[in-house]
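Structure, as structure tokens:
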């Protein structure tokens, strides 16, 4: 079983829905999990917002947040994950950035990577999400409210 199949099965088993707001990876994460049979029960779609303009127009990130903190910042990432979660009404949302770190912010996941290839990046992201899902007890009733 591939790592993306493991992730999708875990999400299905735990009734956790997911979305993503990608920039650095340009949709590669969504494409990777999109290849797994049955993924549509936990993933209806997400966002690829490469330019600042698209981040502002599609996700509604305030220009002053990007101008003040920069596009590769925790503040912008929190906005992106939160907006993706709200727009798609998903339980778990995350934003992919450009530095190596893993931050769990409320129900949103911020993944920063500087690994060599995009394939390595996606593998790291998939493994990070699996670990987060394994270790977190999601209260669906609380998470769906917003």
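No lab work stands behind these numbers, since they all come straight from the coordinates. On a predicted model such as this, the values are computed, not experimentally measured, just so you know. Reconstructed Cβ throughout: ideal geometry from the backbone, glycine too, with neighbour counts over all protein chains shown.
Under the definition of Cα pairs under 8 Å and six or more residues apart, what whole-number percent is the relative contact order of the stretch 1-82?
Relative contact order, the stretch 1-82: 27 percent.
Based only on other Cβ atoms within 10 Å, what is the fewest-to-most ordering of 65, 72?
Result, fewest neighbours first: 72, 65.
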